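A short worksheet on the structure shown next.
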Amino acid sequence: MRVPEVRLIGANGENVGVVSIDQALRMAREAELDLVEVSGNATPPVCRIMDFGKFLYERTKKEREAKKSQTKIEVKEIRLRPKTNEHHRSFKTRDARRWLNDGMKVRVTVRFRGREITYPELALEDLREIAAELADISTVEQIPAIEGRVMTMVLGPSKPGKKKPADAPKSEGAESMTVVADSDQN
């Protein structure tokens, strides 16, 4: 450290006050601990007498615990084209159903090639059918939207407490979808 004096916090957390750097280093040696700069931007800089190795260990331990408690939401994707037939679509919806049951989100993407972009209603109909087919275990989190030559929709798993019975009507969200179009369609 290249400053003549620092604001010192003692080993027990008490505020010692502004002392010279030599005196702070001497106090740290007497306590057999380290002098650690806590806030270098303050005037004068704030230093603390502590066991630096123990401090690092506890900080990494807290970070590990915080990482354990985080929930990582994975987004899987199924890709279609407007010409994808019913049989192939059923394979993909079966995969989507499995992922939704595992608690993952599913992005359904319909990619347009060539002149297929002139018929977005075909892709919208496919997305509506997929949403209706998976309505018992999922909710539509992002309605179908066109961005460039791709139309996407995001399905999320239903809340565990709100499972829909099998005899209930299909979700209303599947029938009331509208297309949100991007202004620069190519």
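The values are calculated or read from the model by the stated rules, or taken from the named source; none is laboratory data. Predicted model only: the values in this text are computed from it and were never measured. A quick note on method: Cβ atoms are made from the backbone with ideal geometry, for glycine too, and the neighbour counts reach across all protein chains shown.
Odds and ends about this structure:
- Taking region 31-70 as the range and being surrounded by 10 or more Cβ atoms within 10 Å (Cβ to Cβ), at pLDDT below 90 and β-branched (Val, Ile, Thr) as the test, the residues that pass are Val36, Val38.
- Residue within region 20-30 that is within 39 Å of the chain's Cα centre (by Cα) and hydroxyl-bearing (Ser, Thr, Tyr) present: no
- Residue check for Val6: in contact with a Ser or Thr (Cβ under 6 Å, 6 or more places away or on another chain) and of a type outside the set (Asp, Glu): no
- Enumeration of residues in region 6-30 that are at negative phi, surrounded by fewer than 15 Cβ atoms within 10 Å (Cβ to Cβ) and either in a strand (DSSP E or B) or touching an Asp or Glu at 6+ places or on another chain (Cβ under 9 Å) (or both): Asn15, Val18, Ser20, Gln23
- Val3 vs. criteria over 30 Å from Glu121 (Cβ atoms) and either at pLDDT 90 or above or surrounded by 14 or more Cβ atoms within 10 Å (Cβ to Cβ) (or both): no
- Of the helices (runs of 4 or more DSSP H) that lie entirely inside region 71-177, those containing 1 or more residues that are buried (at least 18 other Cβ atoms within 10 Å of the Cβ), at negative phi and at pLDDT 90 or above span 86-101, 120-133.
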